[in-house]
1. Can you pull out the residues in region 102-120 that are away from ligand 2 (no atom under 16 Å from the Cβ) and touching a residue at least 60 places away in the same chain (Cβ under 8 Å)?
2. Considering only region 35-72, state which residues are over 25 Å from SER216 (Cβ atoms) and within 16 Å of ligand 2 (Cβ to nearest atom).
3. Which residue, of SER188, SER156, SER239, SER145, is under 22 Å from THR57 (Cβ atoms) and among the polar types (S, T, N, Q)?
4. Do we have ALA168 as under 27 Å from SER52 (Cα atoms) and either β-branched (Val, Ile, Thr) or at pLDDT below 95 (or both) here?
5. Which of the residues belonging to region 33-59 are of a type in the set (Gly, Ala, Ser) and either without any contact (Cβ under 8 Å) to a residue 40 or more places away in the chain or buried (at least 23 other Cβ atoms within 10 Å of the Cβ) (or both)?
6. Has region 190-198 got at least one residue that is among the β-branched types (Val, Ile, Thr), more than 20 Å from GLY164 (Cβ to Cβ) and away from ligand 2 (no atom under 16 Å from the Cβ)?
7. Just to verify a result, which residue in region 37-54, among those that are outside any loop (DSSP other than H, G, I, E, B) and more than 11 Å from ligand 1 (Cβ to nearest atom), is nearest to SER280 (Cα to Cα)?
8. Any residue at all in region 13-27 that's touching a residue at least 40 places away in the same chain (Cβ under 8 Å), buried (at least 22 other Cβ atoms within 10 Å of the Cβ) and either within 16 Å of ligand 1 (Cβ to nearest atom) or not in a loop (DSSP other than H, G, I, E, B) (or both)?
Amino acid sequence: MMENKNLVEVQNLQQYFPVAGGKLFEKKVVKAVDNVSFGIKKGETLGLVGESGCGKTTTGRTLLRLYEPTAGKIFFDGEDITKVNMLPYRRKMQIVFQDPYASLDPRMTVGDIIGEAIDIHHLASNKKDRQDQIISVLSTVGLNSEHANRYPHEFSGGQRQRVGIARALAVNPQFIVCDEPVSALDVSIQAQVVNMFEQLQEELGLTYLFIAHDLSIVKHISNRIGVMYLGKMVELADSYELTFHSVHPYTKSLISAIPIADPETSRKSKRIVLEGDVPSPVNPPSGCRFRTRCPYADELCAAQEPEWREVSTGHFAACHHLDKVN
Ligand SMILES: Nc1ncnc2c1ncn2[C@@H]1O[C@H](COP(=O)(O)OP(=O)(O)OP(=O)(O)O)[C@@H](O)[C@H]1O
Ligand SMILES: [Mg+2]
């Protein structure tokens, strides 16, 4: 059940990474996430989409403080956690990674991988309790006690991602960043794993930030969806509203990119096909960062950054030319 209170919130979140190169003593940075603000309600799934390199993973990791934010504020359940010791929050805020091959230690058994999470947070009172917890969380993700003694390489991709999910769940989190958790899996099992995330949410009352390249993966699981482009949030709305009544030209281009065989995709709106690649986040375009690929761009877009504003209730976008576009 979704509540009306934010469990997680970021305000003007910024993550600049220093980069090598450039002239001597010249400090260059990658503006991976630049002034992004959103909240995620208790029990909600917020989808986060955008092309490779637009800052989705950095947003997810920074809000967990796996990276220290360059600027901005992070709140969890009403507490400002921007500067606090994260240990007590690590248990409440977990992450499931994109690549279950790279994120599980190949030298550890599945039981040890899950047990390690339980140990770090002192969640077991004795050895038997620990073992019971491991088996219980394995069964939650559709695996069994025999799997505890096996190594990650003995599993299929889908099973391995279940292990990654079990590791996150082992510490009873309230919030999980799901960073493209099905992108590395066979298309045939992606839906299974997405359904499992949905079921777990219902049973355990979890809150998700669900990251994907592709709108078609997140539109069903998400209550709302945010769209990022080159470190900026460009549009945020209810999932249905975003799918059928998007207002930003970049979102429209993403929707145009969903294969036409998808019967639920609206084809009433104009088709926008983007040319060129995403510019470098080290030296992003002035004004609106999307302007170099936007069919509607003019001088205003180069001169001035568009304001993030509410275009209808709960529907936000940043674009100078919403009238022309829509
Ligand atoms: N640790 C880091 N140090 C320096 N630059 C980084 C670091 N992590 C990410 N970046 C850069 O920040 C930008 C955003 O990267 P990020 O991984 O957040 O994008 P993404 O949207 O998750 O992409 P993908 O869809 O490929 O996973 C990219 O230009 C990337 O090269
Ligand atoms: Mg990523």
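The values are calculated or read from the model by the stated rules, or taken from the named source; none is laboratory data. A quick note: this is a predicted structure, and the numbers were derived from the prediction, not measured. Here the Cβ is made from the backbone with ideal geometry for all residues, glycine too, and neighbour counts use every protein chain on show.
1. Hit for region 102-120 is LEU104, nothing else.
2. THR62, LEU64, LEU66, TYR67 - these are the residues of region 35-72 that are over 25 Å from SER216 (Cβ atoms) and within 16 Å of ligand 2 (Cβ to nearest atom).
3. Numbers: SER188 fails: under 22 Å from THR57 (Cβ atoms); SER156 fails: under 22 Å from THR57 (Cβ atoms); SER145 fails: under 22 Å from THR57 (Cβ atoms).
Testing whether each residue is under 22 Å from THR57 (Cβ atoms) and among the polar types (S, T, N, Q) leaves just SER239.
4. Details: under 27 Å from SER52 (Cα atoms): yes; either β-branched (Val, Ile, Thr) or at pLDDT below 95 (or both): no.
So ALA168 does not fit the description; no.
5. GLY39, GLY47, GLY50, GLY55 - these are the residues of region 33-59 that are of a type in the set (Gly, Ala, Ser) and either without any contact (Cβ under 8 Å) to a residue 40 or more places away in the chain or buried (at least 23 other Cβ atoms within 10 Å of the Cβ) (or both).
6. no
7. Among those residues, the one meeting the criterion is SER37.
8. yes
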